[in-house]
Amino acid sequence: ATRTKSADVERADSGIGQMPARKWRNRASETLSSLQAWEAHRPCTDCGERDLPVETDVQNCNQRRADLCEKCHKRRTERKESVLEFVNTEASYGEDLRIIKEEFYLPMQAAGLLSQEQLQGIFSNIQELIDLNESFLEILQEEIDQAFDQGDDDLMTVCIGEIFLEFVNMLPAFQTYCLQQSSSVNMLNALEKEKELLRIFLNVSQNDNTALRRMNLRSFLMAPLQRVTKYPLLLSRIIKATTEYHPDHGSLREAKSRIESHLEHINMKTKQEGNTWTLRSFRQDSKKKREVINIEMRETALKTVGWLREETRFVMEGSLQLAQPPDGQWVKKGSKTLKFQNMQVLLLVNMKRVSESSLESAEPGPVKDAVLVLIRDKNNGKFHLLREPLRLSNCIVSTDPDCDDTFELIEIRREAFVFRDSDRARTHHWFRQIRRYSRELGSWKKRRNALPNIMISTPHTRP
């Protein structure tokens, strides 16, 4: 066989010589490097900025949310939380409406405590509000489920503004209810004084019916007013976390404008009918009442723990549902088997003074102690402690995947408590905050890696 020169082979295969081929390979390598550099510094898909952090680790780069800068990543997280808050609070509002019907209206109607005319005067168009809430919530939940099914974990495809505008016909229903609220409460007060059986029924329901959370009928009748006045705030939070070029941005602003205009119209109609009560005054009074209650609870908590005011930080406070399981088998049966009671809970942290003038505000300074104060709902004008404060240095906080709507707090060799909030996201937030300070305090947990099966011998310990 005749040997062929390498140059002839190169010309026969590619039609170019060695030098042009080498230059071509170099140019291709440079192009590939440029593409890789652009890929590493591609602009953020939300804001267009090129301040994405350079990832040297391929695994970290894949785990990082693709093509988003840190600011937009945070904004998407805030938007998702605001959207879920809107949906979850709508569901809680619907539950209160169903309680009004099933625990008050229907029993009173079946027992003949009030005539149909009297029931209509007290409960107004509550059935219309229930129907609207169910339809509205169904569409909202479908949008959420569809987004998750399509891999949209940030819920960017969920357009709350568009859905709200489609259900704008619920605003006249709110108006009808709000305008009759004053006369409804007056009628209820008069009938309760007049009819002893009605008074007994309302008292027994509040004290013995666990579904009512120890709330009276008047508190539940305020639910539609509280909901309609909260819509502007919820929409504002979503707008703040939504970029201007998002397809729902314009609808969100229009929805907020429509609800605010309707609230002003309700206020105007209320004044025309000669009522001193308005939605605006209701919101102001509710805010002042909450502020007074918070101050009273804080004073009670401070007096109980005996800490200096300037060294005390109130991390979280609010209403939680509490249960004390008799054994650890409740996890297998589920939290539905537990009997919960409403409780005001305050998370207090005792911090060392950083300077003579102030404490650090951004990051907590050295933490000396952290407690959980449990206060019963107000009775006879005073707050009462359920028990002595729970010191987190002596507690272990845990969750179970099968009961993700609750978390458990075990006090060393003493008691176990199960907590939950009506909003699952709030429950998780409470858990993270309590667990954080529980882990920071207590040298024994650092030595033993906070393993309850090593340090604790109680029937509440789960494998």
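The values are calculated or read from the model by the stated rules, or taken from the named source; none is laboratory data. All values derive from a computational prediction rather than experimental measurement. Quick reminder, even Gly has a Cβ in these numbers, built from the backbone with ideal geometry, and neighbours come from all protein chains shown. These accessible areas exclude ligands, DNA and RNA; they are computed on the full protein's heavy atoms, side chains included. Shrake-Rupley method; radii C 1.70, N 1.55, O 1.52, S 1.80 Å.
Observations on the structure shown:
- When ILE160, ILE412 are compared by accessible area of protein heavy atoms, the largest-first order is ILE412, ILE160, using a 1.4 Å probe.
- For ILE295, the accessible area of its heavy atoms, probed at 1.4 Å with every protein chain present, is near 100 square angstrom.
- Cβ-placed point charges (K, R +1; D, E -1), dipole of segment 70-282 about Cα centre in debye, nearest 20: 1080 debye
- FRET efficiency for the GLN226 to GLU254 pair, using the beta carbon distance and R₀ = 35 Å, is estimated at 0.90.
- Within the full protein context, the accessible area of PHE314 is estimated at about 50 Å² for a probe radius of 1.4 Å.
- At R0 = 25 Å, FRET efficiency that the Cβ-Cβ distance of GLU138 and ASP405 yields, to 0.05: 0.75
- Charge-dipole axis of segment 70-282 as Lys and Arg at +1 and Asp and Glu at -1 on Cβ define it, positive-most pick from VAL228, GLY161, PRO247: VAL228
- Checking the Cα-Cα distances for LYS80/LYS240; LYS230/LYS271; LYS303/LYS339; LYS80/LYS101; LYS71/LYS368; LYS303/LYS368 against a 23 Å cut-off, the pairs over it are LYS303/LYS339; LYS80/LYS101; LYS71/LYS368.
- In segment 185-272, GluC sites (Glu not before Pro) in a DSSP loop with at most 12 other beta-carbon atoms within 10 Å: GLU244
- ALA110 sits among other residues whose Cβ lies under 14 Å from its own Cβ, and their net charge, with Lys and Arg +1 and Asp and Glu -1, is -1.
- Dipole orientation for segment 70-282: of the candidates ILE130, THR270, PHE201, THR270 has the Cα lying most toward the positive pole (charges on Cβ; Lys, Arg +1; Asp, Glu -1).
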